[in-house]
Structures are given as C-alpha cells and as structure tokens.
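Coordinate-derived values only; no laboratory data. Every value quoted in this text rests on a predicted model; they were computed, and no experiment measured them. With ideal geometry, Cβ positions are generated from the backbone for all residues, glycine too; neighbour counts draw on all protein chains shown.
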Amino acid sequence: MYAVANVDTSICAQSNCTICQMYCPEPNTIHYNKNTKSAYIAVDRCKGCEICVEICDHISKHHAISMVAIDDLKDGFELNRFGMPSLEAAGAH
C-alpha cells in the first residue's frame with residue numbers, strides 16, 4: 001500500500017502558515033488554496049517522504065498533515081489534464 005500526505009483542512013486553515021510548501025522536495029506537490037486558506041496535496045506527485053508531516057508537526061506545531069494509504073483518502077482524488085488535482089477535488093469551489 002502506498003502512503004501519501006493528506007492535509008486536514010480544518011486544522012490547516014486555522015494556521016495559514018504555508019511552511020510545508022517551502023520544505024517539500026518534490027516541486028508542485030503541495031499547493032495553497034487561497035479560498036479555503038489551506039494547503040492541499042497533488043497526490044500524483046507525492047513521494048511519501050513525510051517531510052511535510054515532520055515540518056507541520058515539529059516546526060509549525062500544527063499537526064495538520066498525516067500520511068494515509070492512497071486507497072484510504074477520505075475524499076479520493078481526481079487528476080486533470082495537467083496531473084494536478086482539480087479545483088473541485090482540492091476544495092476550491
């Protein structure tokens with residue numbers, strides 16, 4: 001089973017910090033939705049390194065990111081033609 005990062009948007013939206021984006025080693029993997037004020041993960045790019053989890057837990061102290069099995073993603077994911085989650089899948093309505 002492959003694990004990917006998953007953002008709890010209710011926690012992330014309260015902090016509005018975006019630090020996880022700066023430390024992710026994979027370009028274009030962690031994005032920020034200005035409408036929901038929360039980060040979201042392009043799961044097709046996530047390599048499962050858990051750096052974002054460590055940053056969120058130990059640097060920013062928000063505990064908003066966890067690793068989950070890709071099959072267990074709460075809302076699933078949808079890719080558009082660019083390989084990124086669609087705005088609907090990322091929570092930007």
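Worth a mention:
- The range 3-69: equivalent-ellipsoid semi-axes (sqrt of 5 x gyration tensor eigenvalues, Cα, Å): 16, 13, 11
- Cβ crowding within 10 Å, taken as a proxy for footprinting-reagent exposure, orders 58, 63 from fewest neighbours to most as 58, 63.
- The range 3-69, dipole about Cα centre (Lys/Arg Cβ +1, Asp/Glu Cβ -1), debye to the nearest 20: 220 debye
- Gain on full stretching of the segment that runs from residue 67 to residue 26 - 0.36 nm per residue minus C-alpha separation: 13.2 nm
- Put in line by how crowded their Cβ is, counting other Cβ atoms within 10 Å and starting with the fewest, 32, 2 read 2, 32.
- Burial ordering of 22, 67, fewest other beta-carbon atoms within 10 Å first: 22, 67
- Within-15-Å neighbourhood charge of residue 52 [Cβ basis; K, R +1; D, E -1]: -2
- Gain upon complete extension [residue 59, residue 13; 0.36 nm per residue less C-alpha separation]: 14.9 nm
- Charge tally around residue 26: other residues with Cβ under 13 Å, Lys/Arg +1 each, Asp/Glu -1 each, net 0.
- Other-chain or far-sequence residues with amide H under 5 Å of residue 32's (modelled H): 40
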